[in-house]
Each structure stands twice: as C-alpha cells, then as structure tokens.
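What follows is a short report on a single structure.
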Amino acid sequence: MTRNGKKSRSLKNGYEKLAFGSVNDAVRLLFGDEPEPAELEKMDFGNIAEIRRLKDGALEIKFYDRLRALDCLRSLNEQGAGDSPLYRALQQCAKEAWEEKGNGA
C-alpha cells in the first residue's frame, strides 16, 4: 500500500470511529460514579471533542458531529471511487457499449 493509501485508510478509519463509534463510556462517566484512574485509562473517549467540569461539579461533554463525519466519509468514498480498478473497468465497459450502439461519436 502506498503512503497516500495508508494515510487515506487511516483518515477513513478515524471518520468511521467518529460516525459509528460507541459513546457508552462517556455516558458512564457522565451518569455513573467517578471512576478510578485505572478504569479511566481503559475507557474509550474517541468520540468526545471536549470534557469540562463546571463550577457546580457537574460534567459537560461535547461530542464530535456524527453527521459531519458521515459527510466526510462520503466525500472520501467519492474521491476514491475513480481510483478503483473495478470502477475504471466498469467505466470502460460502459463507454464501449455506448460506442457500439453508435451513440458515442
């Protein structure tokens, strides 16, 4: 895999995690008892953009925008579709079929 391919895959994995990842640990943090530091290290906070403790002791958690992550995934898929060998082969077949019918030139 090329360097750009690895970067693209990593980017896609990140957006997938934001779009489809679990928020269970954040909800547990928000509504459960205060966890021990070792327990915090095991939790997944990948979907959290910001955590703040307010003056009254309450927690405020802001999540990344899932719809925006989905839109970014769609954009990545559209950009990568033209690079796919399958897509190029289908495109070539469609072009040849169109030209055989006399519609191309």
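The values are calculated or read from the model by the stated rules, or taken from the named source; none is laboratory data. This structure is a prediction, so every number in the text was calculated from the model and none was measured. Heads up, the Cβs are rebuilt from the backbone with ideal geometry, glycines too, and the neighbour counts pull from every protein chain shown.
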What are the residues in segment 8-31 that are basic (Lys, Arg) and either at pLDDT 90 or above or exposed (fewer than 11 other Cβ atoms within 10 Å of the Cβ) (or both), if any?
Lys17, Arg28
How many residues does segment 1-59 hold that are under 17 Å from Gln79 (Cβ atoms), charged (D, E, K, R) and free of Cβ contacts under 8 Å to residues at least 24 places away in the same chain?
4
Identify all residues within segment 32-77 that are hydrophobic (A, V, I, L, M, F, W, C) and either in a loop (DSSP other than H, G, I, E, B) or exposed (fewer than 11 other Cβ atoms within 10 Å of the Cβ) (or both); write none if there are none.
Ala38, Met43, Phe45, Leu54, Ala58, Leu67
